[in-house]
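Okay, so here's the structure we're looking at.
Derivation of every value follows stated rules applied to the coordinates shown; laboratory data play no part. Computed from a prediction, not measured in an experiment: that's the story for all the values here. As a convention, Cβ positions derive from the backbone with ideal geometry for all residues, glycine included, and neighbour counts pool all protein chains shown.
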Amino acid sequence: MEYNRKKLRLGDVLVDSGVISQEQLEQGLKLQKGTGRKLGETLVDEGIATEEAIARALSNQLGYDMVDLQNVTVPEDILGLVPGNVLERYKVLPFEYSPDSVNLLRVAMADPMDMAAMDDITIITNLQVEPVVSTTRSIMLALDKYFGNVEVNSALEEYTREKESQMAEQEDMYSEDVNNSPIVQLVKTVIEQAVRQRASDIHIEPMEHQVRIRYRIDGALYEKVTYSIRLLPAMVARIKIIGGMDIAEKRKPQDGRITQVVDRQEFDIRVSILPTVYGEKVVMRLTSKNALTKEKSQLGFKPKELKKFDHILQNPHGIILVTGPTGSGKSTTLYTALSELNKEDVNIITVEDPVEANIDGINQVQTNNKADLTFASALRSILRQDPDIIMIGEIRDQETASIAVQASITGHLVVSTLHTNSAAGTITRLMDMGIEPYLIADSTVGVIAQRLVRRLCPECKKAKKANADELELLCREPGEDITIYEPCGCSKCDGTGFRGRIGVYEIMEITPALKSIISKSGDADAIKEKALEEGMNTLRMSATEYVLDGITSINEMMKVSFDL
């Protein structure tokens, strides 16, 4: 990819700065061939280099400044200089005039060697361009913030005016104009913005006079925008079409799936539609194809916990249970464990409802109640498929639980999830399901209870001395001098005070002493007491450590361990 003005190529710049090796450059060029992608995009997509590393290398080698647009407020007069569609096409954003000259415009660019972009902006603005390096993500987030809704809103206003002039009945808008470009654009923009803001769910909620759109980011819902209620039918119809649902059915709940590529990354979107008093409510759950399989080190295990986790996974047979409420990261932990165990010499089969992420080399079965393929019936068939490791999406009933126990006793490793609050409570739940205590003691090798807490934004968290109440919550002596941190809010974390989440774990390895208590039908308290004696940390203890380390706040700790 030749850059004529400086006779510099991105690949050479990255090799010279030590970001990639010559072999990696050749691998990147080979992968780029015929795809139409830029080399930088290819390297990031293939995990060879990060956007930040590429930006730093360009900044150092070319001598350009580097900017994080999330820390900059762009003045109105500069935003009006270049149309939003041009900026999106080139992935650039002018953000200030140069202090050296009035005729010099500083422009954030992911590719500061893109001469076509500079020439176009010079022609449009009649100003000289001074490139400043930034990452694609930073630029796209800023473009979303300043221009994301401008084009969509103007098109939507026109669309609504048209509808009003025709005096169209609201019902008719379902079938008409579903593919009308403002609506198509609106649905696409809502999904793209959610992805860029790291949302896990999008809620499109009908209210009496408006449609409210909320994103769930790091486990908390934030209202992002409201539209006229007149847009709801067309939006829902558009989502039904791309999700493969029935447009004409408005009275029953429906489920569907959408696959959408955002910023060259593929997202799998599960859609649920529910009729409410004011119209159909849509919830879309976003999962990136590669988000569920993380490295073990990224899950948030402390060194001692990681050692225990590895030890449990080394069992050749038995049941490993991961427990916690919906949205506590159980699937991610299970998928990470499976990826770890996924070797050429083992046969891994999963039965899930639904299959959440596809993993190469693992046989995944989706339950289908219409075809009588339930967890229990699928498990019976799976046992005839010569498996070494079986993953059950969830143990929901006595039948599934008893087959899982039998499978683990006959030499299989079974991993599954259960909705319980603590590790000790999981054992008593299995007893309540009617499984004999001696079988539970014989088959269970480890239980991991987990939650997610929000991480405080490192840029803006503020320190304070813990008061008497807080010391009591942290199980510390009155009058102890302890510093804790609170959320504040800045442009980096979108004013929320939090950025990202981290797992909190309670790992209970089933030792001979615990087996003896379980087989005698010991209650949860007796099991917990023994496990604590043997060095188990409760969720409350793990979350307290995060508060003392300044990773999370006291309120977050209370949320995950309120009853423990």
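Observations on the model:
- Contour minus Cα-Cα distance for Lys520 and Glu459 (0.36 nm per residue): 16.8 nm
- Binned Cα-Cα distance frequencies in the range 350-500 - 5 Å width, integer %: 2, 8, 13, 13, 12, 10, 8, 8, 9, 10, 6, 2, 0
- Span from the the range 379-423 Cα centroid across to the the range 460-524 one, whole angstrom: 31
- Vicinal HN-Hα couplings computed from phi for the range 475-491 (Karplus, 6.51 cos²θ - 1.76 cosθ + 1.60; Hz; Gly/Pro x): 6, 10, 6, x, x, 5, 8, 10, 9, 10, 10, 10, x, 10, x, 8, 5
- Rounded if a/c under 1.5, otherwise prolate or oblate - the range 200-245, Cα gyration tensor axes: oblate
- Three-way shape call for the range 307-407 based on the alpha-carbon gyration tensor, with the a/c threshold at 1.5: rounded
- Of the GluC sites (Glu not before Pro) found in the range 391-500, the ones in coil according to DSSP and having at most 12 other Cβ atoms within 10 Å of their Cβ are Glu480.
- Averaging Cα coordinates gives a centre for the range 238-289 and one for the range 83-108; these two points are 37 Å apart.
- Applying a 4.7 Å cutoff between beta carbons, the unpaired cysteines of the chain are Cys475.
- Fraction of antiparallel bridges per DSSP, the range 331-487 only, in percent to nearest 5: 30
- For the chain, the dipole from Cβ point charges (+1 on Lys and Arg, -1 on Asp and Glu) about the Cα centre works out to 280 debye, to the nearest 20.
- The chain, helix-only ellipticity at 222 nm - DSSP H runs n ≥ 4, -39,500 (n - 2.57), divided by all residues, nearest 500: -11500 deg cm²/dmol
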